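Here the structure is laid out as structure tokens; the discussion comes afterwards.
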């Protein structure tokens with residue numbers, strides 16, 4: 001299946017359906033007390049079930065069709081490698097969750113480029129839900145390669161915002177390893193030193209988006225080892 005080159009957004013048909021699905025399944029709320037510290041203070045208030053996540057991959061259309069079930073982290077990495085090669089990218093970190101496999105792609109310089117999901121049942125490879133689609137300024141739904149982007153939140157500030165968000169909404173979790181993607185940062189969340197999940201922080205607004213769709217963390221290989 002033909003995939004989008006590095007400088008282009010997702011195919012228009014995928015974009016239209018993706019936007020509709022996102023609007024229908026993710027509800028945003030505004031909490032006034034956080035306005036001064038977090039931009040507008042928005043954060044996702046509803047979680048997405050594993051069934052919704054599985055259904056959404058089919059609705060949005062995979063960037064690469066799979067050949068059947070993917071059972072191991074090595075198989076997931078191999079699937080991601082094939083797509084990465086078409087974008088002149090490389091597979092870096094691969095994480096296995098109960099719902100699917102999560103993959104970080106990097107460019108030739110080793111900088112984080114985008115995030116993928118490999119479906120367990122079909123082997124389909126798609127852009128990850130959430131920030132990878134909505135915030136990524138190079139590989140997402142609204143690329144900004146034709147206009148300058150001003151980033152006001154650096155890595156330290158992003159971690160501070162994430163830490164405060166976790167304190168309020170996921171007490172007991174701390175921030176872990178961080179990747180700087182085009183337009184946002186994604187960090188692991190940890191409890192007692194063990195990985196639990198992840199969240200993202202927008203590099204202009206400071207909005208925090210917790211990834212609710214992964215399920216239970218199982219293992220990882222690559223960057224975080």
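The values are calculated or read from the model by the stated rules, or taken from the named source; none is laboratory data. Worth saying up front: this structure is predicted, and the values here are computed from it rather than measured. In this analysis, Cβ positions are derived from the backbone assuming ideal geometry, glycine residues included, and neighbour counts consider all displayed protein chains.
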Scan of segment 158-172 for residues that are out of contact with any helix residue (DSSP H, G or I) (no Cβ under 9 Å at 6 or more places or on another chain) and assigned to a loop (DSSP other than H, G, I, E, B), ordered by number: 170, 171
Residue 76 being assigned to a loop (DSSP other than H, G, I, E, B), modelled with pLDDT of 50 or more and surrounded by 14 or more Cβ atoms within 10 Å (Cβ to Cβ): no
Residue 215 under 18 Å from the mean Cα position of the chain (by Cα), over 18 Å from residue 80 (Cα atoms), at pLDDT 95 or above and part of a loop (DSSP other than H, G, I, E, B): yes
Where residue 138 falls short, out of the listed (1) closer than 26 Å to residue 70 by Cα; (2) in a loop (DSSP other than H, G, I, E, B): (1)
For residue 204: the one exception among (1) buried (at least 16 other Cβ atoms within 10 Å of the Cβ); (2) out of contact with any helix residue (DSSP H, G or I) (no Cβ under 6 Å at 6 or more places or on another chain); (3) in a loop (DSSP other than H, G, I, E, B): (1)
Residue 153 vs. criteria part of a strand (DSSP E or B) and either within 29 Å of residue 68 (Cα to Cα) or touching a strand residue (DSSP E or B) at 6+ places or on another chain (Cβ under 9 Å) (or both): no
Qualifying residue in segment 185-192 (condition: at pLDDT 95 or above, surrounded by 14 or more Cβ atoms within 10 Å (Cβ to Cβ) and outside any strand (DSSP E or B)): no
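Rundown of residues vs (1) over 21 Å from residue 212 (Cα atoms); (2) surrounded by 15 or more Cβ atoms within 10 Å (Cβ to Cβ); (3) in contact with a strand residue (DSSP E or B) (Cβ under 6 Å, 6 or more places away or on another chain); (4) at pLDDT below 95, yes/no style:
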{"position": "47", "(1), (2), (3), (4)": "no, no, no, yes"}
{"position": "51", "(1), (2), (3), (4)": "no, no, no, yes"}
{"position": "54", "(1), (2), (3), (4)": "no, yes, no, yes"}
{"position": "70", "(1), (2), (3), (4)": "yes, yes, yes, no"}
{"position": "82", "(1), (2), (3), (4)": "yes, no, no, no"}
{"position": "92", "(1), (2), (3), (4)": "yes, yes, yes, no"}
{"position": "99", "(1), (2), (3), (4)": "no, yes, no, no"}
